[in-house]
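Worksheet: one structure, shown below.
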Amino acid sequence: MSIRVGLYGGSFNPIHCGHLIVARTVGESLRLDRVVFLPSRQPPHKADRTLLDAHHRAEMVQLAIAEERLFEFSDFDLIRHGPCYTIDAVTHFRRQLCNDAELSWIIGADSLAELSTWHRAGELVEACRIVTVHRPGWDQIDWSILRNTFDEAQVASLHRGVIEAPRIEISSTDIRQRIQAGRSIAFLVPDAVRAYIEANALYAVNSTSQ
């Protein structure tokens, strides 16, 4: 039986409980052998945004998943030079694993709406299974937009990849804003992540790292 691996990329700025719930839901729904978290050094589609230093975000991801055997961490994107596209990560893991491994790339419905703008999007859909998890505010997916880029077989594959998950209204943006306002982030991030943020004064108003 081939190995089933879910790849979960993102800026994770910071990682929060919503990310973990999504990863567990997908892992259980698809019976994955593992879910690999891949923090992005600087996502190509967010090149104009200033992210917290990558080593802090990577450390928080590792703290968040340390006690979960289903989850793994990869620094693939962090150690590369130049932009790292999703197709690059999928190709890397395809080479690393056996050729018949079942690879899934986990995204939210908001990312699916933008998938046609991704680098080598058609190749990506052929190279792995795109698994889309509904997010608050993205209940309706406009498939007509995707048909402008993908053929019917690819659109059908994307449609089959949509799964239901608990609607957890937690966002990294809100967490950063709460910290800057001096409000608690308890229950929004794992305790180990909260302790790390506090110990390093991350995201604070007077911090140089946002």
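The values are calculated or read from the model by the stated rules, or taken from the named source; none is laboratory data. It should be emphasised that the depicted structure is a prediction, and the values quoted were computed from it without experimental measurement. Ideal geometry is used to build each Cβ from the backbone, glycine not excepted, and the neighbour counts take in all protein chains shown.
Regarding segment 138-156, can at least one residue be identified that is among the small types (Gly, Ala, Ser) and in contact (Cβ under 8 Å) with a residue 12 or more places away in the chain? No - not one qualifying residue is present in segment 138-156.
What are the residues in segment 153-174 that are of a type in the set (Asp, Glu) and in a helix (DSSP H, G or I), if any?
174
Residues in segment 11-41 that are surrounded by fewer than 21 Cβ atoms within 10 Å (Cβ to Cβ) and of a type in the set (Gly, Ala, Ser): 11, 29. Yes or no: residue 78 in contact with a helix residue (DSSP H, G or I) (Cβ under 6 Å, 6 or more places away or on another chain) and more than 24 Å from residue 186 (Cβ to Cβ)? Yes: the conditions hold for residue 78. Counting only helices (runs of 4 or more DSSP H) that sit wholly inside segment 56-142, those with at least 1 residues that are at pLDDT below 95 and on the phi < 0 side of the Ramachandran plot are 86-96, 109-113. For residue 68, indicate whether it is surrounded by fewer than 18 Cβ atoms within 10 Å (Cβ to Cβ), within 21 Å of residue 170 (Cα to Cα) and more than 15 Å from the chain's Cα centre (by Cα). Yes, satisfied.
Once segment 19-55 is narrowed to residues that are at pLDDT below 90 and aliphatic (A, V, I, L, M), the residue that is farthest from residue 168 (Cα to Cα) is 47.
Take segment 141-176 and flag every residue that is of a type in the set (Ser, Thr, Tyr), closer than 27 Å to residue 189 by Cα and surrounded by fewer than 11 Cβ atoms within 10 Å (Cβ to Cβ).
Residue satisfying the conditions is 173 alone.
Remark: residue 167 falls outside the filter, which requires a residue to be touching a residue at least 12 places away in the same chain (Cβ under 8 Å), under 28 Å from residue 16 (Cβ atoms) and touching an Asp or Glu at 6+ places or on another chain (Cβ under 8 Å).
Hey, does segment 106-117 have a residue that's over 21 Å from residue 172 (Cβ atoms), surrounded by fewer than 20 Cβ atoms within 10 Å (Cβ to Cβ) and in contact with an Asp or Glu (Cβ under 8 Å, 6 or more places away or on another chain)? No, segment 106-117 has no match at all.
So for segment 179-187 (the condition being under 18 Å from residue 12 (Cα atoms), modelled with pLDDT of 95 or more and part of a loop (DSSP other than H, G, I, E, B)), does at least one residue qualify? So far as segment 179-187 goes, yes, one or more of its residues are under 18 Å from residue 12 (Cα atoms), modelled with pLDDT of 95 or more and part of a loop (DSSP other than H, G, I, E, B).
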